[in-house]
1. Could the peptides 286-292, 98-104 be put in order, highest first, of the mean number of other beta-carbon atoms found within 10 Å of their residues?
2. Top to bottom by accessible area (1.4 Å), largest first, where do Glu405, Glu282 land?
3. Provide the gained length on full extension for the span Gln363 to Asp31, in nm with one decimal, where the gain is 0.36 nm per separating residue minus the Cα-Cα distance.
4. Given a 1.4 Å probe and every protein chain left where it sits, what share in percent of the accessible area of segment 18-73 is carbon and sulfur?
5. If you plug each phi of segment 46-60 into the Karplus form 6.51 cos²θ - 1.76 cosθ + 1.60 with θ = phi - 60°, what whole-Hz ³J(HN,Hα) values come out, in order, with x for Gly and Pro?
6. Along segment 156-164, what does the Karplus equation 6.51 cos²θ - 1.76 cosθ + 1.60 (θ = phi - 60°) give for ³J(HN,Hα), rounded to whole Hz, x for Gly and Pro?
7. Karplus couplings for segment 169-181 from phi (6.51 cos²θ - 1.76 cosθ + 1.60, θ = phi - 60°), rounded to Hz, Gly and Pro as x?
8. Could you list which residues have their amide H under 5 Å from that of Val289, counting only those 5 or more apart in sequence or on another chain, with H placed in the peptide plane?
Amino acid sequence: MKKNLSLTKKIFISMFLGAILGILIQSISSDFIKNTIILNGFVKVLSDIFLSSIKMMVVPLVFISLTCGAASIENIRKLGRVGIKTFSFYILTTCIAITIGVILALTVKPGLGLDMSHLLISQPTISQDKSFIDIIVGIVPTNPFESLIKGDMLQIIFFSILLGISISLIGKKAEIVKKAFESLNEVIMKIVQIVMYFAPIGVFALMTNTFATIGFSAMLPLIKYMLVILFALVIHSLFIYGGMFKIFTRLSIRPFFKKFIKPASIVFSTASSNAALPVTLETINEMGVDNSISSFTIPLGATINMDGTAIMQGVAAIFISQVYKIELGLPAILTIILTATLASIGTAGVPGVGMVMLSMVLQSVGLPIEGIGLILGIDRILDMCRSTVNTMGDCICTIIISKSEGSFDIDKYYSRDTSNEILVDDFIENADY
């Protein structure tokens, strides 16, 4: 790659080359060469090192960033306003997202005529998860240090916000602690920059593995299920997110889409909103959002704003009920909506966790948890798409709140970002409300 290429262009080139290589690998007949040497060899080494490097940064980044965000808002009333607006946006859009998914699944009926029960024989058992009551109670940590070690994101968020508020309330006496966290934040961000320097290599390996292990022929029996989820994601992105963006900001959405390409490329390739957290924070600040807002809303959204995941859980529950010929009444459907909303809030922003949380949704209405085995094979592609929608919601929420708080630089938002000059004009033409 040429040295003058931006990180975004390098990542997109890596994604394209990885997809091509993955498709070519599928045609290799030798299992030893295909799996042992290539996929479980150098591809696995590159992808696992990249993902481990990203995961290494998640807990310290969320903890330090949220603490700094809460501590930097000297006016606690403002912190209260920002918190209420943020939680209200995330909860409301999550409920809307899963409702869209359920309605589309009930209308299209993707599970009718599909009999894949024979696949359950060899499928692994998905572990049961906590009830949504336990999730709510478990937000408060009994030992915050244990929460940091285990990576319990909801407990980390609770403790970080509480710590930041306390630093803000104490004022000058806690100035040393505040500056220490700000310095730590700078150090963490520098480490992130170093890790992201190798992102194109990691993205290349991830895309190669994805397209080599998930063949297009394997998706055909579940094409309707996939299309329902993808269509729901498009509706939610363009009409719900886009509509709220236009109503509450009165800005053109075109600059947003052009600048959002950078974090979207990371999220899509890694299927992790947490993986793109550093880039998302950097990009949203480039859009004109004040750091005191973004450092609070973005890490929080990366953990509790899972609209794409909620859509998947709603559609999957309806799909599985149709495959197993189980009739769901209105109370059961409402239970799915409520449980999936809470389950998505408790879902960490890392690949594959949504499938584990789906077991809680299925259990709430008596659907067979083994049905998850039907959709495991194609979830990677869908996970990539819904994770991108999750991050998009985080960014739009942040801009809306920043503008409402008078902490938004409109000139910066409309400024031209040459590092993101990618041909997306045709794609976003219809999204420019």
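The values are calculated or read from the model by the stated rules, or taken from the named source; none is laboratory data. Just so it is clear, the model here is predicted, and its values are computed rather than measured. Every residue, glycine among them, receives a Cβ derived from its backbone with ideal geometry; neighbour counts consider all protein chains shown. Surface areas here come from the heavy atoms of the whole protein model, side chains and all, with no ligands, DNA or RNA. Shrake-Rupley method; radii C 1.70, N 1.55, O 1.52, S 1.80 Å.
1. Numbers: 286-292: 20.1, 98-104: 23.4.
The densest-packed peptide leads the list: 98-104, 286-292.
2. Values: Glu405 30, Glu282 90 Å².
Correct descending sequence by accessible area is Glu282, Glu405.
3. Details: separation 332, 0.36 × 332 = 119.52 nm, distance 3.82 nm.
My answer for the length gained is 115.7 nm.
4. On the way: 1760 of 2520 Å².
It is 70 percent, rounded to a whole number.
5. 5, 5, 5, 5, 5, 5, 5, 5, 5, 4, 4, 8, 4, 4, x
6. Values per residue, Gly and Pro as x: 5, 4, 4, 5, 5, 5, 4, 5, x Hz.
7. 5, 5, x, 4, 5, 9, 4, 5, 5, 4, 5, 5, 5
8. Under 5 Å from the amide H of Val289: Asp409.
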